[in-house]
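Below you'll find the structure, written out as structure tokens, and then a few comments.
Laboratory data are not the source of any read-out in this text; all were calculated from the coordinates shown. Only a predicted model underlies this, so the values are computations on that prediction, with no experimental measurement involved.
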Amino acid sequence: MAWFLGLGIAGVVLLALSLVFGGILEGLFDGILDGLLEGWLSLPVVAGFTAMTGFGGAIALGSGWAGPVGAAGIGAVCGVGTGWLAYRLSRMLMRDQTSVTPTKDHLLGTAGRVVTAIPADGYGEVLLTLAGQPLKCAARSDRPVPRGTEVWVEAVPSSTSVVVRPVER
């Protein structure tokens with residue numbers, strides 16, 4: 001039973017190491033292993049298989065269900081099942097899609113309010129809303145714009161500055 005427990009513990013240690021040092025192994029071999037450690041030979045899959053083979057065998061042997069050979073077979077079946085689950089879970093997590101990250105181009109055409117008056121020859125500040133979050137930007141305009149005025153973004157020269165015009169109603 002000590003062999004099975006040792007195998008299970010080694011699998012748990014391998015899993016912990018794969019979580020901490022997962023990307024380092026691919027970098028060590030400078031692209032030689034590209035694609036090899038993905039899928040069925042990934043470290044989480046191998047670690048899950050190893051751990052459950054050991055612990056499944058230890059449970060089968062310790063409970064008296066089977067002898068050493070039968071316990072190894074039961075452990076291998078448990079390991080294959082766990083490896084398959086780890087493979088499916090990792091594939092599902094890798095395909096997870098997130099929303100598009102907002103960029104400065106998303107500011108074009110948005111409305112906001114002037115929080116620091118904009119002089120004709122300099123910068124003021126406007127408060128805009130980007131992806132539901134308030135964003136304060138430096139702003140300039142071709143004419144003076146007083147504080148509190150609603151403005152539209154006409155151009156976005158940089159990610160922290162905008163060119164605005166007052167909204168006329």
At q = 0.09, 0.13, 0.20 Å⁻¹, what is the log10 ratio I(q)/I(0) for the chain, with the Debye formula run over Cα points and no solvent? -0.57, -0.70, -1.12
Multiplying the sequence separation of Trp3 and Val167 by 0.36 nm and subtracting their Cα-Cα distance, what value in nm do you get? 51.4 nm
The chain, helix-only ellipticity at 222 nm - DSSP H runs n ≥ 4, -39,500 (n - 2.57), divided by all residues, nearest 500: -15500 deg cm²/dmol
Rounded to whole Å and sorted largest first, what semi-axes of the equivalent ellipsoid does the C-alpha gyration tensor of the stretch 77-130 yield via the square root of 5 times each eigenvalue? 53, 9, 8
Suppose the chain between Glu154 and Leu108 were pulled fully straight at 0.36 nm per residue; how much longer would it get relative to their current alpha carbon spacing? 15.9 nm
